[in-house]
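Down below is the structure, laid out as structure tokens.
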Amino acid sequence: MAVKERTGRLSAEDALGLWREYRRTGDQRLRDRLVLTFAPMVKYIVYRKIREMPARCEVDDFISCGLEALIRSIDRYDPERGATLEQFAWTRIHGAVLDELRRNDWAPRSLRRLDREVAKAADSFMRLYGRRPTRPELADALGMTTEQLTAHEQEIARASVGSLNTLVNSDDDATTERIDTLLSDDPDADPEACALHSDNKRQFRTAFATLGERERKIVVLLYVYNLTLREIGEILGVTESRVCQLHAQILRTLKSRLSEQERALSLAGRAG
């Protein structure tokens, strides 16, 4: 029998006998043995449907759904209806997996059916001619125009939303999460931008260190403590206009030192 071949433990007659004993005694251990007997059938059904699952879905979730359906089918089985326990469980598990698949997929079934038809037409063309079809050839095989095919593919693409945590293959064949392959508009997430920012700060600190003690104090009071020029003048014992002159001189000095560093780095790069 099919059950015996798949599990290697119980024939259909043995499974029915075990089920009758479970119904008579209510012994949960007997039900657990039935569940273990038919558990491989759950995986078989799920892995047959795996290509239709949205990328964001986890296979384990569907297996759990199938196991729950298996347990319910054991409790609700009625041998008087003519089906074997395996046949009844198969139907209930398959239906539960389909329901879970539809519940997790917001795309209409017609769109998913079209997606399968496109893939089937492409595979048939490949087997017949030994190459992938061009877009006009694929559209012709589906009985539609190229524009219609493009519109349908765009609908399919919009419905194919995947998890950012899905593992994908990177350029070096290593697996990485999809989110790590996406470009970010955040400059702090860009290694090159971060390196450039760090280098700019290092160059500024080097130029800043060449200033005199009073000039460095003015910079700190102005840009760290956010004091006004008048307040800084009172601290230093000079007029506000004098602080303004010193500030302008500091900016010119820093700009000159930074330009010198940039030229030196450029020359070093050319020499290398």
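The values are calculated or read from the model by the stated rules, or taken from the named source; none is laboratory data. Being a predicted model, the structure only gives us computed values, none of them experimental. Here the Cβ positions follow ideal geometry from the backbone for every residue, glycine too, while neighbour counts run over all protein chains shown.
Things worth noting here:
- Taking helices (runs of 4 or more DSSP H) as the structural unit, those lying wholly within segment 1-66 and holding at least 3 residues that are surrounded by 15 or more Cβ atoms within 10 Å (Cβ to Cβ), at pLDDT 80 or above and among the β-branched types (Val, Ile, Thr) correspond to 28-48.
- For Leu246: the one exception among (1) modelled with pLDDT under 85; (2) surrounded by 13 or more Cβ atoms within 10 Å (Cβ to Cβ): (1)
- Looking across segment 113-153, the residues that are surrounded by fewer than 11 Cβ atoms within 10 Å (Cβ to Cβ) and over 30 Å from Arg102 (Cβ atoms) come down to Arg127, Leu128, Tyr129, Gly130, Arg131.
- Helices (runs of 4 or more DSSP H) enclosed by segment 168-241 - at least 1 residues per element that are modelled with pLDDT of 85 or more and farther than 26 Å from Leu258 by Cβ: 229-236
- As a summary of the residue check, Phe88 satisfies the conditions (1) buried (at least 19 other Cβ atoms within 10 Å of the Cβ); (2) at pLDDT 90 or above except for the one numbered (1).
- Per the conditions (1) surrounded by fewer than 18 Cβ atoms within 10 Å (Cβ to Cβ); (2) touching a helix residue (DSSP H, G or I) at 6+ places or on another chain (Cβ under 8 Å); (3) in contact (Cβ under 8 Å) with a residue 24 or more places away in the chain; (4) over 26 Å from Glu21 (Cβ atoms), the sole criterion not satisfied by Ile71 is (4).
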